[in-house]
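A short write-up of the structure that comes next.
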Amino acid sequence: MPELPEVEAAMNVLRRRAKGRTIAHLRLLHPAMRRRLSPARVRSLAGAQIERVERRGKHQLLHLTDGRVLHAHFRMNGDWECGKVTDELPRFARAVLEFTDGTRLSFVDSRALGTIELHPAGALLDLGLGPDASDKKWTTEQLGSALATRRGPIKPALLDQKLVAGLGNIYAAESLWRARIDPRAPSRSLTPVQVKALRRSVAAVLERATGSRYTDDSTVALDVYDREGLPCRRCRTPIERIVQAGRSTYFCPSCQV
Ligand SMILES: [Zn+2]
């Protein structure tokens, strides 16, 4: 599932290949895409220029010069594929943004769960998101007070975009492993030391994933996610997998306590 680092990489594609360009046509190739955008609204995009692009959590916002916002969300899968309007379409293209300069961006999504919406100019865009996981202004105190009032274990809590925006199943597990916190621990039982470790771990894991500082680090491979039965990279205990809220959780039963 694309999480903050993957969506940030997609944003880089949008910054290079969409920002400043004028839309000639948005082609919706999948019925689920057409259900959210009427033909009239799709037509209204012709001639609109993309002024800037913005990431909020895992959401991608393409701000048009007329104030409207084209809102893309990959959900379980998805990416942008660059090309020319004359190229053959990628296999799983669900929508295609064609620009007046003859280039295009295809919304490629094998699961076809991704969405594109269009918000009117001036609309208050409340995406129900908490602080962004990569925001340096997001404090340990904020995280601590949010967790103090929560029922349920910490791992599913980290997937709640209202608590913190941008984390998904992979980086939540990686962050908890790095902070040495048991994913089954009740959110409100975390000590201040654990909350601090978690906040720092989220930052470190995302920083490494986005390659901003650790690009030459040979340990860039994931530490715990999808490593069931393999030795913990810290203590060599086999990694275990459990299911929480319908999602796989990987953790070390020995050093995550
Ligand atoms: Zn371990």
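Just so it is clear, none of the values below were taken in a lab; they were calculated from the coordinates. Keep in mind that this is a model prediction, so the values were computed, not measured. Here the Cβ is made from the backbone with ideal geometry for all residues, glycine too, and neighbour counts use every protein chain on show.
Values as computed for the structure displayed
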| quantity | calculated |
| --- | --- |
| Strands (runs of 3 or more DSSP E) enclosed by the stretch 1-90 - at least 2 residues per element that are within 30 Å of D226 (Cβ to Cβ) and in contact (Cβ under 8 Å) with a residue 24 or more places away in the chain | 50-56, 59-64, 69-73, 79-84 |
| Neighbours by Cβ (under 7 Å, 6+ apart or cross-chain): first from the stretch 102-126, on the phi > 0 side of the Ramachandran plot; second in a loop (DSSP other than H, G, I, E, B) | G102/V85; A112/H30; G122/G67 |
| From A185, A203, residue being surrounded by fewer than 20 Cβ atoms within 10 Å (Cβ to Cβ), closer than 14 Å to S134 by Cα and either away from the ligand (no atom under 13 Å from the Cβ) or free of Cβ contacts under 8 Å to residues at least 40 places away in the same chain (or both) | A203 |
| Count - residues of the stretch 223-257 that are over 21 Å from D160 (Cβ atoms) and part of a loop (DSSP other than H, G, I, E, B) | 16 |
| Matching residues in the stretch 69-92 - criterion: being under 14 Å from the mean Cα position of the chain (by Cα) and surrounded by fewer than 14 Cβ atoms within 10 Å (Cβ to Cβ) | M76 |
| Residue within the stretch 51-61 that is surrounded by fewer than 16 Cβ atoms within 10 Å (Cβ to Cβ) and at positive phi present | no |
| Considering residues of the stretch 230-257 that are touching a residue at least 60 places away in the same chain (Cβ under 8 Å) and farther than 12 Å from D182 by Cα only, the residue farthest from the ligand (Cβ to nearest atom) | A245 |
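So that you can scan it fast, the table gives a plain yes or no per residue for (1) in contact with a Leu (Cβ under 7 Å, 6 or more places away or on another chain); (2) farther than 22 Å from P253 by Cα; (3) surrounded by 14 or more Cβ atoms within 10 Å (Cβ to Cβ); (4) in contact (Cβ under 8 Å) with a residue 12 or more places away in the chain:
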{"site": "K155", "(1), (2), (3), (4)": "yes, no, yes, yes"}
{"site": "L163", "(1), (2), (3), (4)": "no, yes, yes, yes"}
{"site": "S189", "(1), (2), (3), (4)": "no, no, no, no"}
{"site": "A221", "(1), (2), (3), (4)": "no, no, no, no"}
{"site": "V224", "(1), (2), (3), (4)": "no, no, yes, yes"}
